[in-house]
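Taking it in order: structure first as structure tokens, then the write-up.
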Amino acid sequence: MGTAAETGAPLELGTVCHVAGDEHRRILRETRLSTPNLGSRSFKADPYPFYARLRETSPVTRVSLPNGAPAWLVVRYDDCVALLKDQTRFVKNPLSVATEGAPARAAWMPGIARSLSQNMLDLDAPAHARLRRVVQKAFTPRLIEGLRSQIQATIDRLLDRFASTREMDLIRDFALPFPVTVISEMLGVDEEDRARFHRWSSVIVAADTSRWHALRAAPSAVAFLRYARRLIRSRRKDPRDDLTSALVAAEDAGDTLSEDETVAMIFLLLVAGHETTVNLIGNGMLTLLEHPAEHASLRRDPGLVPSGLEELLRFEGPLLMATERYTRDDVELAGVPIPRGSLVYPVIASANRDEHQFTHADSLDLAREPNRHVAFGQGAHYCMGASLARLEGKLALGALLTRFPELRLHAPRETLRWRRGLLLRGVENMPVLLR
């Protein structure tokens, strides 16, 4: 027996678009869809039919999250892009929408871990722009391209271990250690600490906004904070040629970066620098293995890898939803009124399957042009690590296709475990035969 959230509860359809006629509105009011547990493994395995129904019937929809909190889902491409670009009506910091009668309530966390909330993802202008300026110079396309040989060497070193073996777990043995190694080297994290870094971040990003999940994530958050503060103190005494030293130097140079902000920045770079790429590689290879013709065409023509990667980002991207927004005032989106202070999620995976934006949206087309997907977001909060993720994805997929042309799944798809949580989408395991 599943929990009440897993088996479903009534979905509040909200007000439909103005273009709908009276009869259409009557039908929608009488429709009762069930809300799946949006963070459960079973839902993450195939969320697309649910979001396709929403795009057709209720593109801006009020739902209950797994923790019981109300939220609004935005599922159509044009609406998601408009929301992601709108910093006036939709804000990141819940404290921005507080009123005397309705004080804001940010996600609860233990006091010792509150410095993590000082990261760029949870801030609006001008604080967001200030923090982004400090670190974005390390993520310019030119500087990221300069890491190509280092990244390729990491890939080769990991895959060399399987030169004479027949099988591996693609996630555990490659897709996970590869980006963890890259971002840890950029930050200056010692090799023996990298597995712990991933374990801490996985627990934290899987937590929702409930007090219970925050309590479960608290030990990992505290362990990370202690480690990050030790790392900062070490680099302050003995600077090195790494990103942590650059952040400390910016703090010491009076670039308005406090120690709490430095800790939060390290955490954000760690999470954003590897969690997305793990899912990009895993989802990408799983998609290719399920589409043998496209897999074969990519092996025959490596020149397809750049456009193929963009299509994999669209078709089975690493994010299900963008991070949360809050309505600064009462707003209307797609004809639907949303009250002030509401929690709103743009559903990236749904926008990237919108039939009004992408021809044959549910078909994989590795040569798709144009391909204006929103896998990395839009607007001021566009993913700063997009250039790094793209380079890692192209080199990793290229190496797997070249080294293991006969690679295939070594377990039924339904036995793969999908990661829990609202935002990220990817599998925890993927046994494969290499030859």
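The values are calculated or read from the model by the stated rules, or taken from the named source; none is laboratory data. This structure is a prediction, so every number in the text was calculated from the model and none was measured. For neighbour counting, all protein chains shown are included, and Cβ atoms are generated from backbone atoms with ideal geometry for every residue, glycine included.
Assorted remarks:
- Residue check, VAL344 surrounded by 20 or more Cβ atoms within 10 Å (Cβ to Cβ), β-branched (Val, Ile, Thr) and part of a loop (DSSP other than H, G, I, E, B): no
- Contact map, the range 399-424: first residue free of Cβ contacts under 8 Å to residues at least 24 places away in the same chain, second residue polar (S, T, N, Q) and part of a loop (DSSP other than H, G, I, E, B), Cβ cut-off under 9 Å, separation 6 or more or different chains; pairs are ALA411/ASN429; THR415/ASN429.
- The condition of being in contact (Cβ under 8 Å) with a residue 60 or more places away in the chain and small (Gly, Ala, Ser) holds for SER350.
- Restricted to the range 385-400, and to residues there that are at pLDDT below 95 and surrounded by fewer than 20 Cβ atoms within 10 Å (Cβ to Cβ), the residue that is farthest from LEU319 (Cα to Cα) is SER387.
- ALA349 being in contact with a Pro (Cβ under 9 Å, 6 or more places away or on another chain), surrounded by 19 or more Cβ atoms within 10 Å (Cβ to Cβ) and not in a loop (DSSP other than H, G, I, E, B): yes
- The single residue among VAL222, VAL205, VAL180, VAL189 that is at pLDDT below 90 and outside any helix (DSSP H, G or I) turns out to be VAL189.
- Single condition LEU38 does not satisfy, out of (1) of a type in the set (A, V, I, L, M); (2) in a loop (DSSP other than H, G, I, E, B); (3) at pLDDT 90 or above; (4) touching a His at 6+ places or on another chain (Cβ under 8 Å): (4)
- Count of the range 370-384 residues which are farther than 18 Å from PHE315 by Cβ and aliphatic (A, V, I, L, M): 2
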